[in-house]
Structures are given as C-alpha cells and as structure tokens.
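Participant: Questions regarding the structure given below will be posed in turn.
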Amino acid sequence: MRFWTGTIILMASLLQLACDREGRPMQQRGLEKLAISVSTEGDVRTAMGAPETTWEEENGARILEYPKGPEGARTWIFDIDPNGKLTGYHQALAPEHFGRIQPGMSKDDVRRLLGKPRTVVNFNRLKEEVWDYRYLENQQQRLFNVHIDQTSGKVTHTSSSNPLD
C-alpha cells in the first residue's frame, strides 16, 4: 500500500511540474517561468529568448512574436502592456485564430494575428501570394493557407490542406 501511495504522490508531483503558473499543461519550455500581471517583458525575453518580431502599439503596448519553426507547429504571441508587464500569451496557430482571418485584411493584420508564415509562394499567373502555416489538429499536422492578392496586398480567402504525412 505504501508503494502505491508513494507512486501516486510522485506521479502527481511530476504532472504538476508539467504545468505553467496558470495551471495549463506546458506546451513550450520557458512558459512555466512566466506569470500574467507579474512577469515583465524582460522576464519573457529571458525565458523565451529574443522575439522574431516586436510590434509597437500606439498606446505603448508591445506584442512579441515567437515562431517555433520553420517546421514547428506553434507560434507564441506575448502581450506586454505600456508599463512593461505581461498581460497574456497564446499559441497563435490554432483554428480559433484562423477564423479571424477575413477577406480584405492586410498582410500586416495577418502577421499580427498568426505570426511569420512557414512559407510564402507566389503564383504570378494567378496574381496570388499564398502564406502557409503548419499547425496541429487532433495530433495531425495540417497547413492553413492565407491567399493574398499580389496587386492589393489584401487577403482574398483562406484554405486548409489535408493532413501532412
């Protein structure tokens, strides 16, 4: 009986270590060191490294982009308030974020929502540029594509591929 009690306590401790400070399962090394409304931008940079892109907002807030690729299926977006505190973070490559991409959006709008694309392919005869993003859905790798008119630089539509092998 003692063996099983000790085993259960050990397993519970290990599972707890696999969660970040908000109690969410860890998906990225470094997240466990961060706490919303407590951690600073400096803490984020220490835990995650230098961001790929930093977006400056008009109110002084900043958005830090961390694509984990080029073959990775995650891009982390960190929101920093004007006082330099972490207000939130999320994994951008998820269906709930893909649904926010609408026809007429600019390339800049897409980058702010999804981060850096995995690849950009130009189809000159179609006058179309396609950005693709690898993501996981039910543990299957898929591609989400954003189709952009080359002339206007605006989104025309989106598509998803079948699971990748």
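Any read-out appearing in this document is the output of simple, stated calculations on the displayed coordinates, not a laboratory observation. Because the structure is predicted, anything quoted here is derived from the model rather than measured. Heads up, the Cβs are rebuilt from the backbone with ideal geometry, glycines too, and the neighbour counts pull from every protein chain shown.
Participant: Which of the lysines could a cross-linker bridge to residue 154, judged by Cα under 28 Å and excluding same-chain residues fewer than eight apart?
Facilitator: Straight-line reach from residue 154, under 28 Å: 68, 107, 116, 127.
Participant: Next question, about the same structure. In whole Hz and in residue order, list the ³J(HN,Hα) couplings for segment 150-156 that follow from phi through the Karplus curve 6.51 cos²θ - 1.76 cosθ + 1.60, θ = phi - 60°; x for Gly and Pro.
Facilitator: Result, rounded to whole Hz: 5, 6, 8, x, 10, 5, 9.
Participant: Determine the gain in length on full extension of the stretch residue 47-residue 96; use 0.36 nm per residue of separation and subtract their C-alpha separation, reporting nm with one decimal. Display every interim value, and only then the final one.
Facilitator: Working: separation 49, 0.36 × 49 = 17.64 nm, distance 2.60 nm.
Gain in length upon complete extension: 15.0 nm.
Participant: Once Rh is set to the Kirkwood radius over Cα pairs, what Stokes-Einstein translational diffusion coefficient, in µm²/s, holds for segment 101-160 at a temperature of 10 °C and a viscosity of 1.306 mPa s?
Facilitator: Working: Rh = 11.7 Å.
Rounded, D is 136 µm²/s.
Participant: Let me ask something else about it. Can you pull the one-decimal nm distance between simple spin-label points at residue 40 and residue 128, each 7 Å off the Cα toward Cβ?
Facilitator: 4.8 nm
Participant: While we're looking at this one, here's another question. Please state, to two decimals, what the Cα-based radius of gyration of segment 40-165 comes to when divided by 2.2 N^0.38 Å (N = residues).
Facilitator: Values: Rg = 15.3 Å, N = 126, 2.2 N^0.38 = 13.8 Å.
Computed over Cα atoms of segment 40-165, the ratio equals 1.11.
Participant: Right, another one. At a threshold of 8 angstrom on Cα-Cα distance, excluding pairs fewer than six apart, so keeping six or more, what relative contact order does segment 31-153 reach in percent?
Facilitator: Values: 207 pairs, mean separation 22.1, N = 123.
Reported relative contact order: 18 percent.
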